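These notes are about the structure you will find just below.
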Amino acid sequence: QVQLVESGGGLVQAGDSLKLSCAASGRAFSRYAMGWFRQAPGKDREVVAAITPSGITVYADSVKGRFTISRDNDKNTVYLQMNSLKPEDTAVYYCAARSTGSWNYISSYDYWGQGTQVTVSS
């Protein structure tokens, strides 16, 4: 069992930066691949980025070059650094953990946080 708690969301202006954190409790965090997802009002939840236990990263095309996912296994935490934010990045951001499956399938993820709101004003 893994419990995930996101933090770091807020209201920013277009072009600003924000760093989200996801603290994990439970056993064997370092064995899980982690992902960040987001869901805007009226839209489906979509993958943003993912990182394997060894630190290999992948990104959605919409955030490539602007967002960076990282993890600190000693602190049981995964991060999402978001730069050059755009109004279309406005969403609730979720972190999730998976042990198997593909990085970009929601159904691959076993554990989810409660989400943190990110709002980007123009």
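The values are calculated or read from the model by the stated rules, or taken from the named source; none is laboratory data. Since the structure is predicted, the reported quantities are computational estimates derived from the model, not experimental observations. In this analysis, Cβ positions are derived from the backbone assuming ideal geometry, glycine residues included, and neighbour counts consider all displayed protein chains. Areas reflect the complete protein model, heavy atoms only, side chains present, ligands, DNA and RNA absent. Shrake-Rupley method; radii C 1.70, N 1.55, O 1.52, S 1.80 Å.
If you go through the range 76-87 and keep only what is open to solvent by less than 20 Å² (accessible area, probe 1.4 Å) and assigned to a loop (DSSP other than H, G, I, E, B), you end up with just Leu85.
The C-beta contact set for the range 66-81 (first residue farther than 17 Å from Ala33 by Cβ, second residue open to solvent by 40 Å² or more (accessible area, probe 1.4 Å) and at pLDDT 95 or above, distance under 6 angstrom, 6+ apart or interchain) comprises Arg66/Asn83; Arg66/Ser84; Gln81/Lys19; Gln81/Thr68.
Among the residues of the range 1-31, those identified as assigned to a loop (DSSP other than H, G, I, E, B) and at pLDDT 95 or above are Gly8, Gly9, Ala14, Gly15, Asp16, Ser17. Is at least one residue of the range 91-105 part of a loop (DSSP other than H, G, I, E, B), of a type in the set (A, V, I, L, M, F, W, C), over 28 Å from Arg27 (Cβ atoms) and open to solvent by less than 40 Å² (accessible area, probe 1.4 Å)? Scanning the range 91-105 turns up no residue that is part of a loop (DSSP other than H, G, I, E, B), of a type in the set (A, V, I, L, M, F, W, C), over 28 Å from Arg27 (Cβ atoms) and open to solvent by less than 40 Å² (accessible area, probe 1.4 Å).
Of everything in the range 106-122 that's assigned to a strand (DSSP E or B) and either of a type in the set (Phe, Trp, Tyr) or in contact with a Pro (Cβ under 6 Å, 6 or more places away or on another chain) (or both), which residue is most open to solvent (accessible area, probe 1.4 Å)? Quick ask: steps written out before the conclusion?
So in the range 106-122, the residues assigned to a strand (DSSP E or B) come out as 111-112, 116-121.
Subsequent filtering for residues that are either of a type in the set (Phe, Trp, Tyr) or in contact with a Pro (Cβ under 6 Å, 6 or more places away or on another chain) (or both) retains 111-112, 120.
Details: Tyr111: 50, Trp112: 77, Val120: 9 Å².
Among those residues, the one meeting the criterion is Trp112.
Exactly one residue out of Ser54, Ser108 is under 15 Å from the mean Cα position of the chain (by Cα), at pLDDT below 95 and under 22 Å from Ala28 (Cβ atoms), and it is Ser108.
Could you go through the range 63-75 and let me know if any residue there is of a type in the set (D, E, K, R), on the phi < 0 side of the Ramachandran plot and surrounded by 14 or more Cβ atoms within 10 Å (Cβ to Cβ). Don't jump to the end; show me each part of the working.
So in the range 63-75, the residues of a type in the set (D, E, K, R) come out as 64, 66, 71-72, 74-75.
Next cut, on the phi < 0 side of the Ramachandran plot only: 64, 66, 71-72, 74-75.
Checking the rest, the ones that are also surrounded by 14 or more Cβ atoms within 10 Å (Cβ to Cβ) come to 66, 71.
Yes, the range 63-75 contains at least one residue that is of a type in the set (D, E, K, R), on the phi < 0 side of the Ramachandran plot and surrounded by 14 or more Cβ atoms within 10 Å (Cβ to Cβ).
Does the range 41-52 contain any residue that is closer than 17 Å to Trp103 by Cβ, outside any strand (DSSP E or B) and touching a residue at least 60 places away in the same chain (Cβ under 8 Å)? Among the residues of the range 41-52, at least one is closer than 17 Å to Trp103 by Cβ, outside any strand (DSSP E or B) and touching a residue at least 60 places away in the same chain (Cβ under 8 Å), which makes the answer yes.
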